[in-house]
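Here, each number is a calculation from the coordinates, and none is a lab measurement. Because the structure is predicted, anything quoted here is derived from the model rather than measured. No Cβ is skipped: glycine too gets one built from the backbone with ideal geometry, and neighbour counts run over all protein chains shown.
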Ligand code: HEM
């Protein structure tokens, strides 16, 4: 931990334990992390993400008790869960909608980091761990969507696994390894189930590292300046734990609305049609959270380069700490960069729309323009802006940012 | 130099964003094709929506009287018809029905490990409540052979496997799409399946109508249906006025039949809808109260801290 320990063991047992395994100290210090007092509600999404990670793991473990990873039984076993297992329909809806809400939360979380420059030194490791987590989340989401073995499961899996065949020399071998054969079939389903169970556990480990890294460097904040004064920070518990809990319940209410009242809104009706290798659906679309990258893939005329650009679009995010050359973190003080940032958000949303449309005519042209923006934002706009921009004056401290200059003087 | 860069940069942002928008708008305008069908009002729509038990019974009568000749319902058992939140028939009623219809099932009643007697015939026994609803054809091949090569889809989840908008048409232009997405959340629209089935049932044309797509020609043995993707459907119009007599005395019109069977198929796909919505409402109330309490706690804690 980056701050001094605040724990003093009181009872004999606590002292005894503290000398052997200071686990209570760990927990107490963890909860006492000095946290900038000016955090806004965008900082509650890390906790919200943890909530969804737990929801996915718990509901997933129970679903796996009833699910059968077999070509001819998978679809029916999911229906069995929904129809016959006690609380089964609720668990299944929680898990499928939980995935979507996990992604809504993670997109907010990532954009928060991009807006307030949270990736900048000394938080590079925290950021890179975040990108790894995001990639693992995408893998889990993709693998999970295959399991109910509906039409979109099968054909989505076919399209995505086929991407790997574009890799020169080894592509064919990789694809066959993923499939366990020469097409998506029983071996694929079986190994995807195994990997889908494994992935969140790895994810969990990385989240542990992520939070560890957070506790080493501390939270950034909306003004993007480090903690200087004693009044700048407050202990995490109970100031921020209660704020997080409140935000979590609000977000959970939206989630619950979907789980209980529109559980199929985010899904595709074709996935209620049993997988059939003989019938290709007219439009194969991945889950909504992949759509921007799907649009980038299809914007590039060459298959191999399409795949490269798609993966690069994600990988480039990991290099943000070095691509953004600005010494000021928060966009609050970077008016020009702020414009580009919102342009980037709009680009992501529009690419999502284009990913759901057929890849033809004007849609492809629009996708290309937006793909260009995506990359130029990272490799041209952010490096150049850092050198050329005129930033607003930063407040002297977090407390000053909160109270204003005059109040600071009066206080003294 | 800096100022120049700003101008260039903002120009670039405006340009790309504008172009992206523009192309989407242009494409949206070209999207007008395809007929629009009215949404129906369903008793099970909305937060307080519940199935109308009488309607489900009428729907079952339509299924039993007409559709069961071709469409299976493999995931449902007879006992489901007696469960709460469904047609809620009495067990005795269903047992009597099975008896009078002389429904027989094979032993064991799965497709693979069938047991045969010395003559190589299947053992059969009268159907019980725990048996799956008997399918009309022994297998898909037989079903296709009897239907001119087209497979009548299983009805277990068809209420969710089709949707009026998403149905094979892709999604509309950007602004209509965003508008529809938001509107569906606010109005809690989840009835695309029954809306589609109702529309399918009520949009047959005896001859190819004038507003059919250009150069449309109806293949032999197919029927023109305005709601079906591609419009040429292998299923002859299954419903007509008075095709089944309702036991509850409701007037037997095509429209009534179509609504009732659609509601019934929604129930078949989503048998726990009533319980789900009831539960959801309670969870929401609980969380609403919890959020108020937490807000109070949070405010109290932060009382003396400006932030
Ligand atoms: C399972 C997914 C994730 C979980 C459970 C998680 C959890 C957390 C938590 C609890 C915090 C502290 C509270 C907060 O600042 O919101 C945090 C901070 C942070 N996370 Fe994540 N995170 C996840 C994914 C990601 C991803 C995908 C990224 C970036 C690509 C990311 C980047 C960051 C950064 C930069 C911070 C520090 C923010 C700051 O101090 O301003 N996280 N995360």
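Structure above, values below:
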read-out	value
Footprinting exposure proxy for A:42, A:374, B:42, B:267 (fewest neighbouring C-beta atoms within 10 Å first)	A:42, B:42, A:374, B:267
Sequence ranges A:60-71, B:217-228, ranked by mean other-Cβ count within 10 angstrom, highest first	A:60-71, B:217-228
Exercise: per-residue mean of other protein chain Cβ atoms within 10 Å, A:267-276	5
Relative contact order (percent, whole number), chain A, Cα cutoff 8 Å, 6+ residue spacing	22 percent
Highest to lowest packing among B:205-214, A:92-101, A:207-216, scored as the average C-beta count within 10 Å	A:92-101, A:207-216, B:205-214
Gap separating the Cα centres of the range A:387-408 and the range A:211-231, nearest whole Å	16 Å
Pairwise label distance in nanometres, residue B:206 with residue A:107, each label 7 Å out on the Cα-Cβ vector	5.1 nm
Between 0 and 90°, nearest 10: helix A:88-115 axis offset from chain A longest Cα axis	50 degrees
10 Å Cβ neighbours from other chains, averaged over peptide B:150-158	3
Estimated FRET transfer efficiency (residue A:322, residue B:130; beta-carbon r; R0 56 Å; 0.05)	0.30
Average other protein chain Cβ within 10 Å of Cβ, residues A:342-351	3
Angle between chain A longest axis and helix A:335-356 axis [Cα atoms, degrees, rounded to 10]	20 degrees
The range A:36-275: relative contact order in percent, alpha carbon pairs under 8 Å with at least 6 residues between	34 percent
Using alpha carbons only: equivalent-ellipsoid semi-axes of the range A:36-275, gyration tensor based, whole Å	37, 23, 13
Calculated FRET value between residue A:390 and residue A:162, using beta carbons and R₀ = 51 Å, to 0.05	0.60
Estimated FRET transfer efficiency when R0 is 25 angstrom, pair residue A:211-residue B:305 (beta carbons, to 0.05)	0.55
Crossing angle, helix A:186-217 versus chain A [Cα axis fit, 0-90 degrees, rounded to tens]	10 degrees
Estimated translational D of the protein assembly as shown in µm²/s (Stokes, Kirkwood radius over Cα pairs; 10 °C; 1.306 mPa s)	55 µm²/s
Virtual spin-label span in nm between residue A:84 and residue A:26, 7 Å along Cα→Cβ	4.4 nm
Within chain A, helix-based [θ] at 222 nm, where runs of 4 or more DSSP H residues each add -39,500 (n - 2.57), nearest 500	-20500 deg cm²/dmol
Ranked list, fewest to most other Cβ atoms within 10 Å of each Cβ, for B:253, A:44	B:253, A:44
Taking the convex hull of Cα positions in chain A, its mean projected area over all directions (nm²)	24.6 nm²
